[in-house]
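Scroll down for the structure; my scribbles are underneath it.
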Amino acid sequence: MPNRRFADGEVVMGRWPGSVLYYEVQVTSYDDVSHLYTVKYKDGTELELKESDIRLQSSFKHRKSQSSSSSPSRRSSSRSRSRSPGRPAKGRRRSSSQSRERKDDKKKTTQETSIALLVLIFFKPSENNTRRYNGEPESTERNDTSRITLEQKLKPDLETERVLEQYSLRPRKEEKKKEEIYSEKKIFETIKTIEKASSKTKELEFGGRIGTFMLIFFLPATVFYLLLMCKQDDPSLMNFPPPLPALESLWEARVFGVFLLWFFLQALFYLLPVGKLVEGLPLSNGRKLHYRINGFYAFVLTAAAIGALLYFEFELHYLYDHFMQFAVSAAAFSMGLSIYLYIRSLKAPEEELAPGGNSGYFVYDFFTGHELNPRIGSFDLKYFCELRPGLIGWVVINLAMLLAEMKIHNQSMPSLSMILVNSFQLLYVVDALWNEEAILTTMDITHDGFGFMLAFGDLVWVPFVYSLQAFYLVGHPTAISWPVAAAITILNCIGYYVFRSANSQKNSFRRNPADPKLAYLKFIPTATGKGLLVTGWWGFVRHPNYLGDIIMALAWSLPCGFNHILPYFYVIYFICLLVHREARDEHHCKQKYGLAWERYCQRVPYRIFPYIY
């Protein structure tokens, strides 16, 4: 294997593809298989270059010094030549010969012009006698040539263009101008092609095309499996597969109508002109989108609507009785939404496509999301689905499970386990809606496209899997003591404190690093102009928000007891999800920040769990 010549982080001169111009770049990585260097230009553009297209900066400086050192001698020699006694006579002889050449060229051009005019006037071909020139038959034109003026003869048409091309009668300035325009267009098209190729997603996640194809079927099957198992008297994982219900019992038009009513009710709340308008982070083209921050208002209005339904004695445990049908309806709706999103993304401009969902492979882009921020007018589909229908729906489902437990077991009040689960998860949802603006800096908004992965996750996975503990407790009540409940509450508070304080530090620093309130935070500067925090929670582990998430997920599952592992599926899933996200973030940050990220990793060695991982 040949040795690489340039090291990571080295500043060199890289040739822009399709041109002879060299620009200052920084080497970020090297591929041992293709022997290509990944370099980063000052404007942030990353391209892959061959070693022959990269040069040291010193070689350019050396050439510059050579040219500057040689110029005085050239000037002196030219001055000595101009002082020679025979120079003026020689100059006169050269000028007279040049004038003679110009006269000959002029005569030649005049002759060619005369020949061309004769060809135009007398030998212009025709296919039939009915062809008209200036409104008269061809025979009339031949008999009466005096009627046709010279302007009409020279009127540019296809034949004139042909003759001009044949005898090279176009001015040289025009020819040069055309050549310059052509070369500029060619360079522009080359740059555009390179930019389009560089914007393609090269590194595929989730097992690539095969993995994403399987996940499209595996994710819905997992949701249905978990819900069916919770309905069993013995929800042990050894009892596989659970008895499958009849297919006709999985679908009901009324349930689907209720789901649509819920979805569009939340869309109506989203469109209300309440709450502040804020700008998101800059996109790749420098543009900033505006977002309406009114998620907490939507939650309050939803709570009022649910309270009104309960006041008029609406049976909210209808959700529990038709829980599987609601899950099927949500899955069908998310699939239809994903198809619509992919079809509309095919017409989206290149700069509006998602960095992680622009591979060119249909299945992969359909799953991860092809368009970054699909909007219908000012209605942002991804941002709306991220917090509203699924997250608020999660709280409504938990409340329905609490009421179902009381009705099924003839209780005057819910169990302590159900109260803990509802309270902990209500706190999590209210916190997310209260700090809605913080979501604008997450990977879901800034990097991931809106496709099947997020549509299914927001509308199906969040409300129906995150409520798994409450659904489990309805059929499998678990009694816990007050001391155990107090210990679980303390654990959840610790997780919430880590989660919220870490996210607040990150969001405040990203918004305004110069804020005097953040003066105590230390950071490592990067080539992108951003900083990597090395104090506070982000100096403790690299992803403290993930650590808080996992602690809270454990506290949500503990009230369900230890009889079955099913309620802890959420904890296992959450750990796997966050480890995957952490690995993705590590790779993304290494590419983005280069040497600065390596310094940060040396400073903060633990990823999620201190002293463990």
Margin query: Classify region 261-320 from the C-alpha gyration tensor, please: rounded if a/c falls under 1.5, else prolate or oblate depending on whether a/b exceeds b/c.
Written below: prolate
Next item on the list: Give, in nm to one decimal, the length gained when the segment between I565 and R254 is fully stretched (0.36 nm per residue of separation minus the Cα-Cα distance).
Entry: 108.6 nm
Check: Using a simple spin-label model with points 7 Å from Cα along the Cα→Cβ vector, what separation in nm is obtained for N512 and V300?
Finding: 2.4
Check: To the nearest 0.05, what FRET efficiency results for F240 and I408 with a Förster distance of 30 Å applied to their C-beta separation?
Finding: 0.70
Margin query: Which GluC sites (Glu not before Pro) in region 280-378 sit in a loop by DSSP (not H, G, I, E or B) and have at most 10 other Cβ atoms within 10 Å of their own Cβ?
Written below: E313
Notebook entry, point to check: Can you pull out the trypsin sites (Lys or Arg not before Pro) in region 279-371 that DSSP calls coil and that have at most 14 other Cβ atoms within 10 Å?
Noted result: R287, K288, K347
Notebook entry, point to check: Of K202/K522; K202/K592; K288/K592; K347/K382; K200/K382, which sit over 26 Å apart, Cα to Cα?
Noted result: K202/K522
Notebook entry, point to check: G457: net charge of surrounding residues, Cβ under 12 Å, Lys/Arg +1, Asp/Glu -1, itself excluded?
Noted result: -3
Next item on the list: Report E437's accessible area, 1.4 Å probe, all protein chains in place, as a number in Å² to the nearest 10.
Entry: 60
Margin query: Rounded to the nearest 20 debye, what is the charge dipole size of region 200-479 about its Cα centre when +1 sits on each Lys and Arg Cβ and -1 on each Asp and Glu Cβ?
Written below: 440
Next item on the list: Bin all alpha-carbon pair distances of region 10-57 at 10 Å intervals from 0 and give each bin's fraction as a whole percent.
Entry: 30, 61, 9
Margin query: At R0 = 51 Å, how high is the FRET efficiency between V278 and S52 if r is their beta carbon distance? Nearest 0.05 is fine.
Written below: 0.60
Item checked: Estimated distance in nm for a label pair at C576 and F362, the labels positioned 7 Å out from Cα along Cα-to-Cβ -> 2.9
Note to self: Rounded, prolate or oblate for region 429-480? Axes are the square roots of the Cα gyration tensor eigenvalues, ordered a ≥ b ≥ c, and the cut-off for rounded is a/c under 1.5.
What the structure shows: oblate
Check: Any idea how far apart R4 and E24 come out in nm if each label point goes 7 Å out from Cα toward Cβ?
Finding: 2.2
Check: What net charge is computed for the residues neighbouring Y30, neighbours being all others with C-beta under 11 Å from the C-beta of Y30, Lys and Arg scored +1, Asp and Glu -1?
Finding: -4
Margin query: Among S467, T526, C493, whose Cα projects farthest towards the positive end of the dipole of region 459-558, with charges put on the beta-carbon of Lys, Arg (+1) and Asp, Glu (-1)?
Written below: T526
Check: Translational D (Stokes-Einstein, µm²/s) of region 486-613 at 37 °C and 0.692 mPa s when Rh comes from the Kirkwood sum over C-alpha pairs?
Finding: 207
Notebook entry, point to check: Quick one: how many Å² of I494 are accessible to a 1.4 Å probe, rounded to 10?
Noted result: 90
Margin query: What's the magnitude of the charge dipole for region 274-339 around its Cα centre, counting Lys and Arg as +1 and Asp and Glu as -1 at the beta-carbon? Answer in Debye, nearest 20.
Written below: 580
Check: Which order do H290, H370 take when ranked by solvent-accessible area (1.4 Å probe, heavy atoms of all protein chains), largest first?
Finding: H290, H370
Checklist line | Dipole axis of region 200-479 (+1 Lys, Arg; -1 Asp, Glu on Cβ), positive-most option in W251, S284, F218 | finding: S284
Next item on the list: Treat every Asp and Glu Cβ in region 481-612 as -1 and every Lys and Arg Cβ as +1, leave all other atoms uncharged, and give the resulting dipole magnitude about the Cα centre to the nearest 20 debye.
Entry: 520
Check: So which chymotrypsin sites (Phe, Trp or Tyr not before Pro) in region 451-557 are both in a DSSP loop and have at most 12 other Cβ atoms within 10 Å of their Cβ?
Finding: Y520
Item checked: Separation of alpha-carbon centers, region 413-446 and region 489-552, rounded to whole Å -> 19
Item checked: Cα centroid separation - region 263-336 against region 555-594, whole Å -> 25
Item checked: Spin-label zone in region 353-391 - amide nitrogen under 16 Å from a point set 7 Å from the Cα of T222 along the C-beta vector -> 367-368
Item checked: Cα gyration tensor shape of region 200-479, rounded if a/c is under 1.5, else prolate or oblate by comparing a/b with b/c -> oblate
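The values are calculated or read from the model by the stated rules, or taken from the named source; none is laboratory data. Everything numeric here is computed off the predicted structure, so don't read it as measured data. With ideal geometry, Cβ positions are generated from the backbone for all residues, glycine too; neighbour counts draw on all protein chains shown. Keep in mind that these areas ignore ligands, DNA and RNA; they rest on the heavy atoms of the full protein, side chains included. Shrake-Rupley method; radii C 1.70, N 1.55, O 1.52, S 1.80 Å.
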